[in-house]
1. Among the residues of region 260-309, how many are within 16 Å of GLY192 (Cα to Cα) and surrounded by fewer than 16 Cβ atoms within 10 Å (Cβ to Cβ)?
2. Yes or no: region 128-146 includes at least one residue that is of a type in the set (Val, Ile, Thr), crowded, with 17+ Cβ neighbours inside 10 Å and more than 30 Å from THR58 (Cα to Cα).
3. Which residues, counting only those in region 236-245, are part of a helix (DSSP H, G or I) and either among the hydroxyl-bearing types (Ser, Thr, Tyr) or over 25 Å from MET281 (Cβ atoms) (or both)?
4. Give me the residue from region 1-59 that is acidic (Asp, Glu) and free of Cβ contacts under 8 Å to residues at least 40 places away in the same chain and, out of that set, surrounded by the fewest Cβ atoms within 10 Å (Cβ to Cβ).
5. Looking at region 225-255 only, could you name the residues that are modelled with pLDDT under 95 and out of contact with any helix residue (DSSP H, G or I) (no Cβ under 6 Å at 6 or more places or on another chain)?
6. Looking only at helices (runs of 4 or more DSSP H) that lie completely in region 145-225, which have at least 2 residues being closer than 24 Å to MET123 by Cα and in contact (Cβ under 8 Å) with a residue 60 or more places away in the chain?
7. Scan region 156-173 and give yes if some residue there is in contact with a Lys or Arg (Cβ under 8 Å, 6 or more places away or on another chain) and within 15 Å of GLY248 (Cα to Cα), otherwise no.
8. Of all the residues that make up region 38-71, how many are in a loop (DSSP other than H, G, I, E, B) and out of contact with any Gly (no Cβ under 7 Å at 6 or more places or on another chain)?
Amino acid sequence: MESNNAPIAVVGAGSWGTALAMVLADNGHEVRLWSHNESQVNEINHFHTNKKYLPEITLPELIIGYASLTDALADVRTVILAVPTKAIREVVGKIRSIQTKPITIAHVSKGIEPDSLMRITEMIKAEMPSEFLTAVVVLSGPSHAEEVSLRHPTTVAVSSENMKAAEEVQDLFINQNFRVYTNPDVIGVEIGGALKNIIALAAGITDGLGYGDNAKAALMTRGLAEIARLGTKMGANPLTFAGLAGIGDLIVTCTSVHSRNWRAGNLLGKGKTLEEVLENMGMVVEGVRTTKAAYQLSEKYGVNMPITHSLYDVLFNGKNAKDAVDVLMTRGKTHEMEDLVNILEERNTDE
């Protein structure tokens, strides 16, 4: 485990990377916060702010901005990877070209790569030679950067195939404001974190249409069933989806104005096009790419995912948002516990 004097690199100075850098600094670690934007680095170092992403927040002096990835990674053994899913391969490739000693990479992104259908842990391993990789850890759960930066109580989960590494990352982050649990189910933690963004987009659409709390509660509940259905088929433990990386993250992302995915869906529900929404947001909306990947996964595994398919039609086939919701409400009747029964039957068969 890192000592309090050992530097930790946070690669990605967006809202989430910056908020996590603050948690690490609060725990006494020297944090090297890397950004490709030199003016952002200068702001961090001279004014101790990152106003584009976390306005009105003062950063601890233990956070030092770096524009050079080589300098940021020097003598570092733990890297917190906080970049969008679409940038994972590029950034890990840059780390690979620099690294001479094994490191632990703890990623905090939530998505699935379309076409390859790889989870982020799989993408990192594909890009980083095993001799330079001690472990890959995922940190996920119900956590808005805006609230973490204000030191509001937050609880997350960490997972890895190497549970010793997961416990070391747990020790780096845990404090009185930021509680960290371990979970050995990497697939479940990553699938829950990625697919909740799809449901948050759909929840934003129902709010944008003015359909109220009943519709959103139904959407979240049936959305969780979809997440568990696919995740279990991919090898996840269904109990993970009842925890922080499942229902916990789903609740916070579907119900908060801090959620980019909810905000994007809300604009779609109000009649904006996808292009207008993405231009308006100015930040990455992970749920858009993940919807495409989840659609492809549902086809690959033969899993019924009506919410995902309806959202896919809205995002990529030009379907009207209201029409998509109406189709969901007029589906053929079924038993609410059908998903649970099928999951249990499949697990019993496997055993």
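The values are calculated or read from the model by the stated rules, or taken from the named source; none is laboratory data. Every value quoted in this text rests on a predicted model; they were computed, and no experiment measured them. All Cβ positions, glycine included, derive from the backbone under ideal geometry; neighbour counts span all protein chains shown.
1. The number of residues fulfilling the criteria is 0.
2. Yes, region 128-146 contains at least one residue that is of a type in the set (Val, Ile, Thr), crowded, with 17+ Cβ neighbours inside 10 Å and more than 30 Å from THR58 (Cα to Cα).
3. Of everything in region 236-245, those that are part of a helix (DSSP H, G or I) and either among the hydroxyl-bearing types (Ser, Thr, Tyr) or over 25 Å from MET281 (Cβ atoms) (or both) turn out to be PRO238, LEU239, THR240, PHE241, ALA242, LEU244.
4. GLU56
5. Across region 225-255, the qualifying residue is only THR255.
6. Where helices (runs of 4 or more DSSP H) fall fully within region 145-225 and carry at least 2 residues being closer than 24 Å to MET123 by Cα and in contact (Cβ under 8 Å) with a residue 60 or more places away in the chain, they are 163-173, 186-208.
7. Yes: region 156-173 contains one or more residues that are in contact with a Lys or Arg (Cβ under 8 Å, 6 or more places away or on another chain) and within 15 Å of GLY248 (Cα to Cα).
8. 14
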